[in-house]
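Report on one structure; see the data block that follows.
Nothing in this text is a laboratory measurement; each read-out follows from the coordinates by a stated rule. Everything numeric here is computed off the predicted structure, so don't read it as measured data. Please note: Cβ atoms are built from the backbone with ideal geometry, for glycine as well, and neighbour counts cover all protein chains shown.
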Amino acid sequence: MPFLSRRQLLKSSLATAGALSSGALLAACSTGTETAARSEPDFELNPHLTDFGILGDRLTQGVMSYGNSAPPPVLVARQGEPFFTRLNNSLPEPTTVHWHGMRLPNAMDGVPFLTQPYVYDGESFDYRFTPPDAGTFWYHPHCNTLTQMSRGLNGVLIVKERDDPGFDADIPLNLRDWRLDREGQFIDLYDLRKSGKAGTFGAVKTANWIESPDYTVPTGGLIRVRVVISDVTRIYRLSCKGATAKVIAVDSHPVPEPFDLDFDSFGPGQRVDLAIPVPQEEGRTIRLINSSSSKPWVVASFTASGENRKRDTREIKPLSANPVQKPDLASAETLELDFTATAEQAPKSGYCGTLGFSFWAINKRAWQGASPDPMAPLMEFKLGNSYVLNIRNRTPHTHPVHLHGLAFQLLQSNKRPIRKLWTDTALVLPDETIQVGLVADNPGDWLLHCHIIEHQKTGMSAYARVI
Ligand SMILES: [Cu+2]
């Protein structure tokens, strides 16, 4: 896999600094001031190669994890309080950390060549930001992404609300597949023919690196389950048996009125927070089920145990909204984004884990998402202005369309009724046009890409500049 040498990088990092808007640098500086007094990180992430028993005692070799152990740690931050994580790279290749869904200073966004240089083996990088929003987020590399994520580098980040919403248990579920053979060893991480279609799926399906784990939860309690779809390909269609699960947040943002989980679809990169009333009888089990493939399976289950907490389902209330600015639709400029297939071709330059082909494009441009000479931005937003984007999927496959650094609101679809939720990742169906609105309130260069990583890495990537 080709990577830039340090010498090549010196040239490109100057270009990166030039590409950053002065606003982005200002934002980065202000974060530094806020946290200047804090020299000790809240967390250290040490990406490294290890062996791990995903299939029990058949140790999988060449797994990547972030902690001193595996799976990657669940990081916890607090809304409105400085958060500081140090990345110490112990992999034999460069990496970075992207904080998915986080509205943060551009220099902390973790995209090589666009927002920061590579972090090589033996080097460290400090990520400092203050999360404005509470909710469920996640973190992953944006360098050699398909390999590093497929081998294990994707973890959950919880930003706690200022006021405790009062659940009896809080369970993160990191959902992902593994491309393993029966002996538990990695097979080819993708099949190029599938990259030009829905993407390549893994055979071993896990939650928190366990196949169908069962968690003990308080009898009669109210539990919060934070589902994170960290898989590189799979779209989930979730339902719950044994209890009525209420959706209380999607993609970190609380929903105005909790609604029943009813075979709702969530794509790679997306999160859904569920409030689930546990049965009042000890030993009863709740099952979270995925039905997006021909054979549905239990993603995870929860078994009631201990004294009856006798919580009332009417205690499930909307969470406090995050402080997101609503777009002014009357003054908003409308931009068109066409997601299409493209003529198959090899990219001009191949860095940072390119798959060596282009199959996809946004507005007729195919980009691998990371190269020493970034293409011009796909669109420029004026800082503080409102925009409407018509995201048009002209392909026969569903695409989870992710925008870094900014939250946007789903407005309408030409195919189906949709909830006007706030998000960072819109799941756009074949032949669907989803209209979204946003305020460009965060300066910098923000990546826009499909979160099916094979699509991202074969052309379905671009970036927006807020200046
Ligand atoms: Cu896609």
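Values for this structure:
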read-out: Scattering profile of the range 169-315 at q = 0.14 Å⁻¹ [log10 I(q)/I(0), Debye over alpha-carbon scatterers]; value: -0.68
read-out: Convex hull of the chain built on C-alpha atoms - directionally averaged projected area, nm²; value: 21.1 nm²
read-out: Cα Rg, Dmax, the range 333-466, angstrom units; value: 14.3, 42
read-out: Partner lysines for LYS382 [C-alpha distance under 18 Å; skip if fewer than 8 residues away on the same chain]; value: LYS326
read-out: Convex hull volume of the range 58-179 per residue (C-alpha atoms, cubic angstrom); value: 117 Å³
read-out: Over 22 Å (Cα to Cα) - which of LYS197/LYS457; LYS160/LYS246; LYS420/LYS457 fall in this group; value: LYS420/LYS457
read-out: In order through the range 82-94: 3J(HN,Hα) via Karplus (6.51 cos²θ - 1.76 cosθ + 1.60), integer Hz, x for Gly, Pro; value: x, 10, 9, 10, 9, 9, 10, 7, 10, 7, x, 7, x
read-out: Cα→Cβ-extended label distance, 7 Å offset, between ASP431 and ARG193, nm; value: 2.6 nm
read-out: Shape metrics for the range 229-284, restricted to C-alpha atoms - Rg then Dmax, Å; value: 12.6, 38
